[in-house]
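Everything on this sheet refers to the single structure shown next.
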Amino acid sequence: MSPNQWVEQFRRLHHRARQGQLSESEQRNYQAAREYFARALTAAQGLSVPATRSARRMFRVAQGLQVDLTFAAGAVRAVTLDVSVGGFSVMMHKPPPESEEPGFSLRLPGNQEPVVGRAKQVSTQRKLGTHRVSFSILGLSEKEEQRLESTLFDLALERIK
């Protein structure tokens with residue numbers, strides 16, 4: 001099977017999964033295909049995934065999504081540069097204190113409810129008068145992780161024609 005055929009087959013399987021139309025055996029195949037697709041995406045992004053970790057938590061999608069961050073000093077609205085199940089990056093004029101764990105509300109495409117949680121700053125890079133600040137997402141429920149992950153697969157598949 002060619003890579004294009006595999007992606008089309010995965011796209012159909014993903015759509016059916018989003019509709020709740022998979023049998024138990026199809027669900028197992030779908031989960032394996034998600035991991036395979038995520039490993040291909042992380043490899044294309046130049047990331048290495050340890051054998052003990054899931055690539056589904058690591059692959060990133062370069063996508064501008066509105067995120068509201070709540071710090072002790074006040075709220076900040078930003079747009080993501082990239083998003084993964086494990087975290088996101090934004091541009092900020094001034095980086096927040098490293099020790100602070102802000103609340104966040106990440107708006108998802110369509111009429112989906114936002115993903116709400118807490119984040120921790122993991123890196124800051126100065127970029128021409130602004131800062132690229134990367135956050136890891138802390139303690140999302142499994143249901144919310146799955147919801148975010150499915151949305152990221154939607155976004156990744158939209159880019160592959």
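Looking for something part of a loop (DSSP other than H, G, I, E, B), surrounded by 14 or more Cβ atoms within 10 Å (Cβ to Cβ), among the hydroxyl-bearing types (Ser, Thr, Tyr) and within 17 Å of the chain's Cα centre (by Cα) - is there at least one such residue anywhere in segment 87-96? Don't jump to the end; show me each part of the working.
Looking only at segment 87-96, we keep the residues that are part of a loop (DSSP other than H, G, I, E, B), and these are 93-96.
Checking the rest, the ones that are also surrounded by 14 or more Cβ atoms within 10 Å (Cβ to Cβ) come to 95-96.
Still in the list and also among the hydroxyl-bearing types (Ser, Thr, Tyr): none.
There is no residue in segment 87-96 that is part of a loop (DSSP other than H, G, I, E, B), surrounded by 14 or more Cβ atoms within 10 Å (Cβ to Cβ), among the hydroxyl-bearing types (Ser, Thr, Tyr) and within 17 Å of the chain's Cα centre (by Cα).
For residue 15, the conditions (1) open to solvent by 40 Å² or more (accessible area, probe 1.4 Å); (2) under 16 Å from residue 88 (Cα atoms); (3) of a type outside the set (A, V, I, L, M, F, W, C); (4) outside any strand (DSSP E or B) all hold with the exception of (2). Selection over segment 35-79 of residues that are among the polar types (S, T, N, Q) and at positive phi gives a count of 0. May I ask you to verify whether residue 134 is modelled with pLDDT under 90, over 19 Å from residue 18 (Cα atoms) and hydroxyl-bearing (Ser, Thr, Tyr)? In short, no. Restricting segment 114-140 to residues that are outside any strand (DSSP E or B) and open to solvent by 60 Å² or more (accessible area, probe 1.4 Å), which is nearest to residue 10 (Cα to Cα)? Step by step, filter segment 114-140, then rank; the result is 139.
Results for (1) under 16 Å from residue 37 (Cβ atoms); (2) more than 12 Å from the chain's Cα centre (by Cα), shown as yes or no for each residue.
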{"site": "116", "(1), (2)": "no, yes"}
{"site": "134", "(1), (2)": "no, yes"}
{"site": "144", "(1), (2)": "no, no"}
{"site": "153", "(1), (2)": "yes, no"}
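When you check residue 56 against the structure, is it of a type in the set (Lys, Arg) and within 30 Å of residue 31 (Cα to Cα), yes or no? Answer is yes for this residue. Only a single item in (1) open to solvent by 80 Å² or more (accessible area, probe 1.4 Å); (2) assigned to a helix (DSSP H, G or I) is not met by residue 48, and it is number (2).
Is it fair to say residue 75 is assigned to a strand (DSSP E or B) and either at pLDDT below 95 or not acidic (Asp, Glu) (or both)? Please lay out each step first, then the result.
Numbers: assigned to a strand (DSSP E or B): yes; either at pLDDT below 95 or not acidic (Asp, Glu) (or both): yes.
Judged against the criteria, residue 75 is a match.
Taking the numbered list (1) outside any helix (DSSP H, G or I); (2) closer than 20 Å to residue 148 by Cβ; (3) open to solvent by 60 Å² or more (accessible area, probe 1.4 Å); (4) not acidic (Asp, Glu) in turn, residue 36 passes all entries but (1).
Return the residue satisfying two criteria in turn: it lies in segment 60-86 and is charged (D, E, K, R) and over 14 Å from residue 154 (Cα atoms), and of such residues it is surrounded by the most Cβ atoms within 10 Å (Cβ to Cβ). Even if it seems obvious, please write down each step before you answer.
Taking segment 60-86 and keeping what is charged (D, E, K, R), we get 60, 68, 77, 82.
Still in the running and over 14 Å from residue 154 (Cα atoms): 68, 77, 82.
Numbers: 68: 16, 77: 11, 82: 18.
The selected residue is 82.
Does residue 53 satisfy the criteria of being farther than 23 Å from residue 158 by Cα and open to solvent by 80 Å² or more (accessible area, probe 1.4 Å)? Yes, satisfied.
The values are calculated or read from the model by the stated rules, or taken from the named source; none is laboratory data. This one's a predicted model, so the numbers in the text were calculated from it and none came from an experiment. In this analysis, Cβ positions are derived from the backbone assuming ideal geometry, glycine residues included, and neighbour counts consider all displayed protein chains. To get the accessible areas, we keep the full protein, side chains included, count just its heavy atoms, and leave off ligands, DNA and RNA. Shrake-Rupley method; radii C 1.70, N 1.55, O 1.52, S 1.80 Å.
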